Amino acid sequence: MSSMNLEHFFPQAKAWVDTLGDIPPGSWVKGPKFGYASWEVGHILSLIMIGGTTILMNLRLLGAGVTEEEPAEIYRNLRFWQNVGVIGIVATGLLIGAANATKLYDSSAFTVKMMALLSGIILTYGVSRPVAAANGAVGLMPKIWFAIGGAIFLIDLWMFSTTDLIDVGIYHVITAAALILIPVTRGRLRWGYIAGMVALIAAQFVQTHFILKPDDYDHLNPVNKTYTALYGVWIVGTALITLFRGRGEEGGPLTKLVDYSTMLVWVLGAAAGRWIAFQ
């Protein structure tokens, strides 16, 4: 896929978008009084807040992290900070978005980020928080919201991994998924999983640094794509084992699938935001 940006979806809005940086609040943010960089820092801190607290809550549902408290107690302790994070992301995002509207309008990475934000809010507020409050039980409405938010997440993941120039950013999501599985897996499964990852990383390093020349892109690109697929198979395969390997007090396979999706969607949003600058 070459690109998928807001200009493709809303071409008639271009004239209006081009004016946003010259009128308030976009003109304020670009001015020296308010400072564009300060709002960027606030945006990143807000993302860290919502992403970090959501990951902590969902790790607990997977039986990892802060296991001394029940999921419902973890949720009650974190929900205020999740609200602050979401409000901060939206508020700062609108301001810096208005100041940089023309660039974002033509950015596939920005489209991916916006879809991740939508999916993240749905999965966090419509699914993950109610599930945590119920100590892992998944009711009817969370199932409905999960179908909607999960579908948006999968479409967004496909767009990110197939769009030119930003597709390499999928390694951020792969790395996050790989790291999440380390505390989630147990016993021999954990050591087998880690050993497999180390073997794949070592094999890729040897092949792309010693067997192939560093500038032999015609051969390096397909090799790297092959290893990306192998990483995905290894990570997803291990995650599937954790889904069906016993039912803990926090819930069964659907609860765990909710947890994985909700954590990774925020990583996807952060990764897409990073790659806006590279388009």
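Kindly check whether there is at least one residue in region 83-102 that is touching a Lys or Arg at 6+ places or on another chain (Cβ under 7 Å), closer than 30 Å to VAL184 by Cβ, crowded, with 16+ Cβ neighbours inside 10 Å and at pLDDT below 95. Taking every residue of region 83-102 in turn, none turns out to be touching a Lys or Arg at 6+ places or on another chain (Cβ under 7 Å), closer than 30 Å to VAL184 by Cβ, crowded, with 16+ Cβ neighbours inside 10 Å and at pLDDT below 95. Of all residue pairs spaced 6 or more apart or on separate chains, those with beta-carbon atoms under 6 Å, a first member in region 112-129 that is under 20 Å from GLY52 (Cβ atoms) and a second member that is acidic (Asp, Glu) and open to solvent by less than 10 Å² (accessible area, probe 1.4 Å) are ALA116/ASP156. Cβ-Cβ contacts under 6 Å between residues 6 or more apart (or on different chains), taken from a first residue in region 224-236 that is among the aliphatic types (A, V, I, L, M) to a second residue that is at pLDDT 95 or above and assigned to a helix (DSSP H, G or I), are listed as LEU230/LEU200; ILE235/ALA177; ILE235/ALA178.
So that you can scan it fast, the table gives a plain yes or no per residue for (1) without any contact (Cβ under 8 Å) to a residue 24 or more places away in the chain; (2) open to solvent by 70 Å² or more (accessible area, probe 1.4 Å); (3) more than 25 Å from the chain's Cα centre (by Cα):
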| position | (1), (2), (3) |
| --- | --- |
| ILE155 | no, yes, no |
| ILE174 | no, no, no |
| LEU181 | no, no, no |
| ALA202 | yes, no, yes |
| HIS209 | yes, yes, yes |
| ASP215 | yes, yes, yes |
| ASN221 | yes, yes, no |
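Step by step: first the residues of region 230-251, then only those that are open to solvent by less than 60 Å² (accessible area, probe 1.4 Å) and at pLDDT 90 or above, then the one that is nearest to ALA178 (Cα to Cα). Which residue is that? The residue in question is ILE235. Within region 7-28, the residues that satisfy the criterion of being at pLDDT 85 or above, in a helix (DSSP H, G or I) and among the hydrophobic types (A, V, I, L, M, F, W, C) are ALA13, ALA15, TRP16, VAL17, LEU20. Count of region 50-80 residues, restricted to those that are in a helix (DSSP H, G or I), of a type in the set (D, E, K, R) and closer than 21 Å to ILE182 by Cα, is 1. Scoring SER108 on the criteria (1) over 30 Å from GLY251 (Cβ atoms); (2) surrounded by fewer than 19 Cβ atoms within 10 Å (Cβ to Cβ); (3) in contact (Cβ under 8 Å) with a residue 40 or more places away in the chain; (4) of a type outside the set (D, E, K, R) leaves a single failure, condition (2).
Restricted to region 29-53, and to residues that are open to solvent by less than 30 Å² (accessible area, probe 1.4 Å) and farther than 26 Å from PHE278 by Cβ, which residue is modelled with the lowest pLDDT? Break it down into steps so the answer makes sense when it comes.
Pass one, region 29-53, residues open to solvent by less than 30 Å² (accessible area, probe 1.4 Å): 29, 31, 35, 42-43, 46, 50-51, 53.
Within this subset, residues satisfying the condition of being farther than 26 Å from PHE278 by Cβ are 31, 53.
Numbers: GLY31: 67, THR53: 97.
This residue is GLY31.
To keep it simple, each residue is scored yes or no on (1) loosely packed, with under 12 Cβ neighbours inside 10 Å; (2) modelled with pLDDT under 95; (3) in contact with a strand residue (DSSP E or B) (Cβ under 7 Å, 6 or more places away or on another chain).
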site: LEU140; (1), (2), (3): yes, no, no
site: LYS143; (1), (2), (3): no, no, no
site: GLY150; (1), (2), (3): no, no, no
site: ASP167; (1), (2), (3): no, yes, no
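Given the structure, is VAL173 modelled with pLDDT under 95, aliphatic (A, V, I, L, M) and within 14 Å of LEU264 (Cβ to Cβ)? Walk me through it before giving the result.
Working: modelled with pLDDT under 95: no; aliphatic (A, V, I, L, M): yes; within 14 Å of LEU264 (Cβ to Cβ): yes.
Considered against the rule, which asks whether it is modelled with pLDDT under 95, aliphatic (A, V, I, L, M) and within 14 Å of LEU264 (Cβ to Cβ), VAL173 comes out as no.
Which helices (runs of 4 or more DSSP H) sit wholly inside region 171-279 and have at least 2 residues that are within 30 Å of ILE121 (Cα to Cα)? Before the answer, list the steps.
Values: elements: 187-206, 217-244, 253-274.
Helices (runs of 4 or more DSSP H) meeting the threshold: 217-244, 253-274.
The values are calculated or read from the model by the stated rules, or taken from the named source; none is laboratory data. All values reported here derive from a predicted model rather than from experimental measurement. Glycine also receives a Cβ, built like all others from the backbone with ideal geometry; neighbour counts cover every protein chain displayed. Please note that ligands, DNA and RNA were not included when accessible areas were found on the heavy atoms of the full protein model with its side chains. Shrake-Rupley method; radii C 1.70, N 1.55, O 1.52, S 1.80 Å.
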